[in-house]
Amino acid sequence: MPIGDRKRTDFTVAKTIQHPVPGRGIIALVSVSCGWMAVTAAMLLLAQGDGQRDYVDPARRFRFSYPASFGAPSTGTNDGFEDRVAAVRFATFSSSGIGGEAALTRGFPLIDLEAVGGLYDAIALEIFPAALRRQIVSALVPLTPTNFCGLLAQERHLDPASSALTGLTAQQRAAVASVDHMRHVGPRVVRCVVDGDTVTFDKEAGLQPGGPRQHVYGAVRFLGAPYSTFQIVRAGSAPDDEALNQMTAVVRSWSPL
């Protein structure tokens, strides 16, 4: 299922003002108009000498740093939709593969791009009716820094014949098995490093049985309530160390406001 607009955000950039700030470079304040309500200072981008930029959430809930080479940030996929609290797309980094968006989530931990199979992916789960989706999620083992690498290497995460799926038709059980394998056929873990609350990973897997294989990689930081993760995940060819280090630094830089 392609990454697309699940929740439409209609905004136009009204004005950009740049002011020099001693010791901090340039501060760009962007005023946007979101439908009927004007939102001022939707982004605060602090140009720093080390090639980093600071992103401040328009709703003033959080901030994080990212490399200037990632390009300009904009609203990402499913921003504010259900348990996807916020999603930020980058003009360059997100266009250099599939995904590559920074996402803040709440509730049951789910990971972008079927990194741990489709049953752990919010968009893939959307093919199921809400009640069935809740039943499936309640039957899954919650992701944590401790079990992430093991579940990443595991091809099946939920037995379609499980008693936890009582009441499902044969067709529904087949769908559960199929979604579990999305972008996760014969997974091979190339790298999975746990450092405190953060996991940096790279896996290679088939898109579907007999299909081509690709790498899905990124970094996930597990957060306390009211959030669950801050993550950035991308798919494509094998990543280099620089890309993985940058992604790890992004999620580690997240902090609430």
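The values are calculated or read from the model by the stated rules, or taken from the named source; none is laboratory data. Everything numeric here is computed off the predicted structure, so don't read it as measured data. Cβ: placed from backbone, ideal geometry, glycine included. Neighbour counts: every protein chain shown.
Against the definition (surrounded by fewer than 17 Cβ atoms within 10 Å (Cβ to Cβ) and modelled with pLDDT of 95 or more), how does Gly80 come out, yes or no?
Values: surrounded by fewer than 17 Cβ atoms within 10 Å (Cβ to Cβ): yes; modelled with pLDDT of 95 or more: yes.
For Gly80, the condition - surrounded by fewer than 17 Cβ atoms within 10 Å (Cβ to Cβ) and modelled with pLDDT of 95 or more - is met.
Hey, can you tell me all the residues within the stretch 202-244 that are more than 27 Å from Gly186 (Cβ to Cβ) and either hydrophobic (A, V, I, L, M, F, W, C) or not in a loop (DSSP other than H, G, I, E, B) (or both)? Outline the logic, then answer.
Step one: list which residues in the stretch 202-244 are more than 27 Å from Gly186 (Cβ to Cβ), which gives 221, 223-228, 230, 242.
Listed by number, the residues that qualify are Arg221, Leu223, Ala225, Phe230, Glu242.
Of all the residues that make up the stretch 195-226, how many are modelled with pLDDT of 95 or more, more than 16 Å from Glu101 (Cβ to Cβ) and surrounded by 15 or more Cβ atoms within 10 Å (Cβ to Cβ)?
Taking the stretch 195-226 as the starting set, the residues that turn out to be modelled with pLDDT of 95 or more are 195-206, 213-226.
Retained after the next criterion (residues that are more than 16 Å from Glu101 (Cβ to Cβ)): 195-206, 213-215, 222-226.
If we keep only those that are surrounded by 15 or more Cβ atoms within 10 Å (Cβ to Cβ) as well, we get 197-206, 214-215, 222-223.
Within the stretch 195-226, residues that are modelled with pLDDT of 95 or more, more than 16 Å from Glu101 (Cβ to Cβ) and surrounded by 15 or more Cβ atoms within 10 Å (Cβ to Cβ) number 14.
When the stretch 155-184 is examined, which residues are found to be assigned to a loop (DSSP other than H, G, I, E, B), under 27 Å from the mean Cα position of the chain (by Cα), more than 19 Å from Ala122 (Cβ to Cβ) and in contact (Cβ under 8 Å) with a residue 12 or more places away in the chain?
Going through the stretch 155-184, the residues assigned to a loop (DSSP other than H, G, I, E, B) turn out to be 155-162, 166-169, 181-184.
Applying the additional criterion that residues be under 27 Å from the mean Cα position of the chain (by Cα) yields 155-160, 181-184.
Checking which are more than 19 Å from Ala122 (Cβ to Cβ) leaves us with 155-156, 159-160.
Those that are assigned to a loop (DSSP other than H, G, I, E, B), under 27 Å from the mean Cα position of the chain (by Cα), more than 19 Å from Ala122 (Cβ to Cβ) and in contact (Cβ under 8 Å) with a residue 12 or more places away in the chain: Glu155, Arg156, Pro160.
Taking Phe70 as the residue in question, decide whether it is aromatic (Phe, Trp, Tyr), out of contact with any Cys (no Cβ under 6 Å at 6 or more places or on another chain) and either modelled with pLDDT of 95 or more or surrounded by fewer than 19 Cβ atoms within 10 Å (Cβ to Cβ) (or both).
Numbers: aromatic (Phe, Trp, Tyr): yes; out of contact with any Cys (no Cβ under 6 Å at 6 or more places or on another chain): yes; either modelled with pLDDT of 95 or more or surrounded by fewer than 19 Cβ atoms within 10 Å (Cβ to Cβ) (or both): yes.
Taking the combined requirement at face value, the residue satisfies it.
Could you run through the stretch 83-111 and say how many residues are over 17 Å from Ala238 (Cα atoms) and surrounded by 19 or more Cβ atoms within 10 Å (Cβ to Cβ)? Write out each step before concluding.
Restricting attention to the stretch 83-111, the residues satisfying the condition of being over 17 Å from Ala238 (Cα atoms) are 83-92, 101-111.
Filter once more, so that each one left must be surrounded by 19 or more Cβ atoms within 10 Å (Cβ to Cβ): 84-90, 101-105, 109-111.
Within the stretch 83-111, residues that are over 17 Å from Ala238 (Cα atoms) and surrounded by 19 or more Cβ atoms within 10 Å (Cβ to Cβ) number 15.
Find all pairs meeting these conditions: Cβ atoms under 8 angstrom apart; at least six residues apart or on different chains; first residue within the stretch 206-228 and over 15 Å from Leu152 (Cα atoms); second residue among the charged types (D, E, K, R) and part of a strand (DSSP E or B).
Arg213/Glu204
Just the residues that are without any contact (Cβ under 8 Å) to a residue 60 or more places away in the chain and either surrounded by fewer than 17 Cβ atoms within 10 Å (Cβ to Cβ) or among the polar types (S, T, N, Q) (or both), please, taken from the stretch 112-138. Explain how you work it out, then say what you get.
So the first thing to find is which residues in the stretch 112-138 are without any contact (Cβ under 8 Å) to a residue 60 or more places away in the chain, and the list is 120, 122, 125, 128-138.
If the condition is that a residue be without any contact (Cβ under 8 Å) to a residue 60 or more places away in the chain and either surrounded by fewer than 17 Cβ atoms within 10 Å (Cβ to Cβ) or among the polar types (S, T, N, Q) (or both), then Pro129, Ala130, Ala131, Arg133, Arg134, Gln135, Ser138 are the ones that fit.
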